[in-house]
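Undergrad: Okay, handing you the structure first.
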Amino acid sequence: MSASAIFVLDLKGKVLICRNYKGDVDMSEIDHFLPLLMQHEEEGLLCPVLSHGNVHFMWIKHSNLYLVATTNKNSNASLVYSFLYKMVEVFTEYFKELEEESIQDNFVVVYELLDELMDFGFPQTTDSKILQEYITQEGAKLEVAKSKVPTTVTNAVSWRSEGIKYKKNEVFIDVIESINVLVNANGSVMSSDIVGSIKLKTMLSGMPELRLGLNDRVLFALTGRDKGKTVVMEDVKFHQCVRLSRFESDRTISFIPPDGESELMSYRINTHVKPLIWIESVIEKFSHSRVEIMVKAKGQFKKQSVANNVEVRVPVPSDADSPKFKTSTGSAKYVPEKDLVVWTIKSFPGGKEFLMRAHFGLPSVENAENEGKPPITVKFEIPYFTVSGIQVRYMKIIEKSGYQALPWVRYITQSGDYQLRTNV
């Protein structure tokens, strides 16, 4: 079961807009929500589900709003939360910013959306591209639009409209991998993994059928091929357009794509990752006078690759002042509000090594607070490169009119949660 009613409240608990889907929970129950929230907050027991009698409130906070779903049944909480976050996504697509003012300025459209997003407590059409075909932000158009519901709403392929036409048929595939690494102060990798996603930008006419082939180890084992490098993907999540039964039976990724931009799939690869940018740091504190920092950065990736927009963020004591920097490349600046030195290198070739020195004054009175030891963090992006070695082997595009289409593939590796702990 899902939600009985949906409410949008301001921070004072005043109902801005609501929709009663099932009528089995008294709408005045929402008056108990904010007092319950405040009480739990004061007790330090705040949780995502609050209960008053046999009524449960599932809520999220976004900007200056609370989005609340009520139910008196044993509802599927994960479904309700997915729906609340989807609501935020759809409203943001419509109004750019979702906040109290945008709700008040667009009451009619919000009511229309609440009607289409959910029916009798169950999520219905939640794709904003499809909703925008028949719910527009111009009042006059609303009446006209209502008379003709797009086939996408009643269609089996709800994420794609019929009759799409392009002069040039193309599909762009981006394989983006984020590296998460945690290195301890002794230089040992404590944890590492790769989180990847395959994003599409499709500009294809008609209702094309696409088949994507990857160097998936399970697929190669099924077909008896073991040539070349393969990858083992875990936690694979697909866009609703992918035929899951086909993937489960023979690992074929077969789908009719949404028009425009979408995320086709995401995955995780649990593997030992060698840090692509290695950082060595020496931080010396001279009490009551100064702190000196020396940071060495080395590119541990292929020489033909280049990391772009590299940022090395080095924590400094909160009472440091009078910064002086010296870098072998790039530029360093002090960000006092975050207690950081940010060393920026626009272009960092593989195999190269660079140095940054920083000197700070410290006050003569010791800071009484015992400060923690925040890690050094690194941000970067390396185009035309994947750490896991994942490859798009083919992209077949089949459409009944038989047109030729060009698939373009791009690989990008970037930093995710990339941290190196320090001794000081």
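The values are calculated or read from the model by the stated rules, or taken from the named source; none is laboratory data. Every value quoted in this text rests on a predicted model; they were computed, and no experiment measured them. All Cβ positions, even for glycine, are placed from backbone atoms using ideal geometry, and neighbour counts span all protein chains on display. Only protein heavy atoms, including side chains, enter the accessible area calculation; ligands, DNA and RNA are left aside. Shrake-Rupley method; radii C 1.70, N 1.55, O 1.52, S 1.80 Å.
Undergrad: Being open to solvent by 80 Å² or more (accessible area, probe 1.4 Å) and under 17 Å from Val110 (Cα atoms) is the filter; apply it to segment 133-171 and report the residue that is modelled with the lowest pLDDT. Working first, answer last.
TA: We begin by selecting, within segment 133-171, every residue open to solvent by 80 Å² or more (accessible area, probe 1.4 Å); these are 133, 137-138, 140-141, 143-144, 146-148, 154, 156, 162, 165, 167-168.
In the following step, the residues that additionally are under 17 Å from Val110 (Cα atoms) were identified as 133, 137-138, 140-141, 143, 146.
Details: Glu133: 80, Gln137: 68, Glu138: 55, Ala140: 33, Lys141: 36, Glu143: 41, Lys146: 45.
The qualifying residue modelled with the lowest pLDDT is Ala140.
Undergrad: Looking at Leu204, Leu182 in this structure, which one is modelled with pLDDT of 90 or more, under 26 Å from Ser254 (Cβ atoms) and surrounded by 15 or more Cβ atoms within 10 Å (Cβ to Cβ)?
TA: Details: Leu182 fails: under 26 Å from Ser254 (Cβ atoms).
Only one candidate qualifies: Leu204.
Undergrad: Here's something else I'd like to know. Name every residue in segment 185-199 that is open to solvent by 10 Å² or more (accessible area, probe 1.4 Å) and either β-branched (Val, Ile, Thr) or more than 28 Å from Ile277 (Cβ to Cβ) (or both), in order of residue number.
TA: Filtering segment 185-199 down to residues open to solvent by 10 Å² or more (accessible area, probe 1.4 Å) leaves 185-193, 195, 197, 199.
Hits for segment 185-199 are Val189, Val195.
Undergrad: Same structure, new question: Here is a check on your reading of the model: is Phe348 assigned to a strand (DSSP E or B), touching a Gly at 6+ places or on another chain (Cβ under 9 Å), open to solvent by 30 Å² or more (accessible area, probe 1.4 Å) and modelled with pLDDT of 95 or more? Lay out the reasoning, then the answer.
TA: On the way: assigned to a strand (DSSP E or B): yes; touching a Gly at 6+ places or on another chain (Cβ under 9 Å): yes; open to solvent by 30 Å² or more (accessible area, probe 1.4 Å): no; modelled with pLDDT of 95 or more: yes.
Judged against the criteria, Phe348 is not a match.
Undergrad: Going by the conditions given, is Ile398 open to solvent by less than 30 Å² (accessible area, probe 1.4 Å), within 30 Å of Gly206 (Cβ to Cβ) and out of contact with any helix residue (DSSP H, G or I) (no Cβ under 8 Å at 6 or more places or on another chain)?
TA: Numbers: open to solvent by less than 30 Å² (accessible area, probe 1.4 Å): no; within 30 Å of Gly206 (Cβ to Cβ): yes; out of contact with any helix residue (DSSP H, G or I) (no Cβ under 8 Å at 6 or more places or on another chain): yes.
Considered against the rule, which asks whether it is open to solvent by less than 30 Å² (accessible area, probe 1.4 Å), within 30 Å of Gly206 (Cβ to Cβ) and out of contact with any helix residue (DSSP H, G or I) (no Cβ under 8 Å at 6 or more places or on another chain), Ile398 comes out as no.
Undergrad: On the basis of being aliphatic (A, V, I, L, M), part of a strand (DSSP E or B) and either open to solvent by 70 Å² or more (accessible area, probe 1.4 Å) or assigned by the TED database to the domain that holds Leu219 (or both), does Met265 make the cut?
TA: Working: aliphatic (A, V, I, L, M): yes; part of a strand (DSSP E or B): yes; either open to solvent by 70 Å² or more (accessible area, probe 1.4 Å) or assigned by the TED database to the domain that holds Leu219 (or both): yes.
In short, yes.
Undergrad: Another question, if that's okay. Where residues in segment 278-333 are among the aromatic types (Phe, Trp, Tyr) and touching a residue at least 24 places away in the same chain (Cβ under 8 Å), which of them is nearest to His359 (Cα to Cα)? Steps first, answer last, please.
TA: Filtering segment 278-333 for residues among the aromatic types (Phe, Trp, Tyr) gives 278, 286, 301, 325.
Applying the additional criterion that residues be touching a residue at least 24 places away in the same chain (Cβ under 8 Å) yields 286, 301, 325.
On the way: Phe286: 11, Phe301: 30, Phe325: 7 Å.
Of everything passing the filter in segment 278-333, Phe325 is nearest to His359 (Cα to Cα).
Undergrad: I've got another one for you. Kindly indicate the residue of segment 268-299 that is surrounded by 19 or more Cβ atoms within 10 Å (Cβ to Cβ) and over 30 Å from Ile176 (Cβ atoms) and also modelled with the lowest pLDDT among those meeting that condition.
TA: Ile283
Undergrad: Of everything in segment 29-51, what is free of Cβ contacts under 8 Å to residues at least 40 places away in the same chain, open to solvent by less than 60 Å² (accessible area, probe 1.4 Å), part of a helix (DSSP H, G or I) and within 17 Å of Ala3 (Cβ to Cβ)? Give them in sequence order.
TA: Answer for segment 29-51, where residues must be free of Cβ contacts under 8 Å to residues at least 40 places away in the same chain, open to solvent by less than 60 Å² (accessible area, probe 1.4 Å), part of a helix (DSSP H, G or I) and within 17 Å of Ala3 (Cβ to Cβ): just Phe33.
Undergrad: Answer yes if at least one residue in segment 372-389 is within 26 Å of Glu284 (Cβ to Cβ), open to solvent by less than 30 Å² (accessible area, probe 1.4 Å) and at pLDDT 95 or above, and no otherwise. Give the steps one after another, and end with the answer.
TA: To start, the set of residues in segment 372-389 that are within 26 Å of Glu284 (Cβ to Cβ) comprises 372-379.
Narrowing the set further to residues that are open to solvent by less than 30 Å² (accessible area, probe 1.4 Å) leaves 376, 378.
Imposing the further condition that a residue be at pLDDT 95 or above reduces the set to 376, 378.
Looking through segment 372-389, at least one residue is within 26 Å of Glu284 (Cβ to Cβ), open to solvent by less than 30 Å² (accessible area, probe 1.4 Å) and at pLDDT 95 or above.
Undergrad: Related question: Taking the condition at pLDDT below 95 and not aromatic (Phe, Trp, Tyr), does Glu353 pass? Show your work before the answer.
TA: Values: at pLDDT below 95: no; not aromatic (Phe, Trp, Tyr): yes.
Answer is no for this residue.
Undergrad: Considering only residues that are farther than 30 Å from Glu280 by Cβ and of a type in the set (Val, Ile, Thr), look in segment 168-209 and name the one that is farthest from the chain's Cα centre (by Cα). Quick ask: steps written out before the conclusion?
TA: To start, the set of residues in segment 168-209 that are farther than 30 Å from Glu280 by Cβ comprises 168-175, 197-209.
Next, only the ones that are of a type in the set (Val, Ile, Thr) stay: 171, 173, 175, 198, 202.
Numbers: Val171: 22, Ile173: 18, Val175: 15, Ile198: 13, Thr202: 20 Å.
Across segment 168-209, the extreme among qualifying residues is Val171.
Undergrad: Still on this structure: So in segment 2-28, with the set limited to residues that are open to solvent by less than 50 Å² (accessible area, probe 1.4 Å) and out of contact with any Leu (no Cβ under 8 Å at 6 or more places or on another chain), which one is nearest to Tyr111 (Cα to Cα)?
TA: Among residues in segment 2-28 that are open to solvent by less than 50 Å² (accessible area, probe 1.4 Å) and out of contact with any Leu (no Cβ under 8 Å at 6 or more places or on another chain), the one nearest to Tyr111 (Cα to Cα) is Cys18.
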